[in-house]
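None of the figures in this text is laboratory data; all of them are computed from the coordinates on show. Source: prediction; values computed, not measured. Every residue, glycine among them, receives a Cβ derived from its backbone with ideal geometry; neighbour counts consider all protein chains shown.
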Amino acid sequence: MSFSSSVKNELCRIEISEKCCLFSELAAVVRISGIVKYTGRDEVNVKIVTENAAFARKLFSSIKKLYNIYPEVVTRRSKKLKKHISYILVLTSSMGLKDILENMGIMQGVNGQAEYLNFDSRLLKKNCCRKSYLRGAFLAGGSISDPEKTYHLEIATHKEIIAQELSHQGSRFGLHGKVISRKGNFVSYLKEGENIVDFLNVIGAHTALLDLENVRILKEMRNNVNRIVNCETANLEKTVNASVRQVENILYIRDHIGFERIPENLREVAELRLQYSDANLKELGEMLDPPLGKSGVNHRLRKLDRIAENARSLKGEL
């Protein structure tokens, strides 16, 4: 089961006692995924299609609780390879659908014709209703990527004003969503992991929230470990390269100049570097008598490098 499906299944198990919240959640579902057809003066029907059996049961139960009617349920098996089962809930005029749509502020009749309403503020009067509206919107048109791969949550709608409305309502909970157009639809989306965690908290998907947080912690730990390892590797490589260069320069001085021709303090460091090529600057300094700090050892090794470089350049001129 995908992470998106597990989130929706968790949301479908939430028991909503307040009718206003149930009303807002159902209205969001109809507005986003309902196929509304007005076929005549008094004839209108709505179809809601989903492949999630838990969501279909929740819709059936919500409509029954709110309006005491029983939607017609049709199942359809896909002809494709995986043969998914689709659940289609159908509401018709004979069930009082016209009054339901007008009550939800989704559609109203004007001179015998249907007029689609873009927004009804009654749906979002209270904070709990706004949360329910966002929950219904996610159930109807939402999806969330596997957090192991990336952080992305989106809700696809057929009208730009609905997508903008979702983004606006999310901003009231501190969410920073954006809206884009994609293949004829409008998508309200969140990208950052922290934003998605906050959204899941708002809509009540607390188990999914904890699962996502666990993934975020593990990913952050892995990233920190990788950064530390990369840093240590880079430092080690730098140290090894410096040691190799120093040994090469000291050998050149020994073979072409002679240790007897360089100052005693430099000769002492040169001999130790040849003997202990794997030692770091601190360890070399502790072997000297008297001991010398890292900066002092480094200063002497740099002098040896310059002596070797100058000797090579003079030999090249000859």
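Read through the labelled values [x] 69, 42, 41; [y] 61, 38, 33; [z] 111, 42, 41 and report the label of the one computed as Cα extents along the principal axes in Å from the structure. Among [x] 69, 42, 41; [y] 61, 38, 33; [z] 111, 42, 41, the one derived from this structure is [z].
Sparsely packed loop sites in the stretch 126-200 (the trypsin sites (Lys or Arg not before Pro) outside DSSP H, G, I, E and B with at most 13 other Cβ atoms within 10 Å) comprise Lys126, Lys149, Arg172, Lys183.
Each label point was placed 7 Å from the Cα along the Cα-to-Cβ direction; for Asp146 and Ala54 their separation is 1.9 nm. In order along the stretch 137-145, phi translates into HN-Hα couplings of 5, 5, 4, 7, x, x, 8, 9, 6 Hz, rounded to whole numbers, per the Karplus curve 6.51 cos²θ - 1.76 cosθ + 1.60 with θ = phi - 60° and x for Gly and Pro. Centroid-to-centroid, using Cα positions, the stretch 211-248 and the stretch 262-318 are 29 Å apart.
Rounded, prolate or oblate for the stretch 222-317? Axes are the square roots of the Cα gyration tensor eigenvalues, ordered a ≥ b ≥ c, and the cut-off for rounded is a/c under 1.5. Oblate shape, in that a/c is at least 1.5 and b/c is the bigger or equal ratio. Couplings 3J(HN,Hα) of the stretch 147-154, computed from phi: x, 5, 9, 7, 10, 7, 10, 9 Hz, in residue order, whole Hz [Karplus 6.51 cos²θ - 1.76 cosθ + 1.60, θ = phi - 60°; x for Gly and Pro]. Against the chain, whose longest principal axis is taken from its Cα atoms, helix 206-256 shows a tilt of about 20°. Please compute P(r) over all alpha-carbon pairs of the stretch 1-103, binned at 5 Å starting from zero, and give each bin as a whole-number percent. Spelled out per bin, shortest first, that is 2, 11, 21, 24, 19, 12, 7, 3, 0. Ranking Phe138, Ile85, Leu281 by Cα position along the charge dipole of the chain, where only Lys, Arg, Asp and Glu carry charges on their C-beta atoms, puts Ile85 farthest toward the positive end. For Lys303, list the aspartates and glutamates whose Cα falls under 20 Å from its own Cα; do not include residues on the same chain fewer than 8 positions away. The reachable aspartates and glutamates, counting only those whose Cα sits under 20 Å from Lys303, are Glu248, Asp255, Glu260, Glu264, Glu268, Glu271, Asp278, Glu283, Glu286, Asp289. Fully extending the segment from Ala279 to Cys128, taken as 0.36 nm per residue of separation minus the present Cα-Cα distance, adds 47.8 nm.
Remark: the stretch 24-29, residue by residue, has Karplus-estimated 3J(HN,Hα) of 5, 5, 5, 4, 4, 4 Hz, where x stands for each Gly or Pro and the curve is 6.51 cos²θ - 1.76 cosθ + 1.60 at θ = phi - 60°.
Each of the GluC sites (Glu not before Pro) that DSSP puts in a loop and that has at most 15 other Cβ atoms within 10 Å breaks the chain; the longest unbroken stretch is 193-318.
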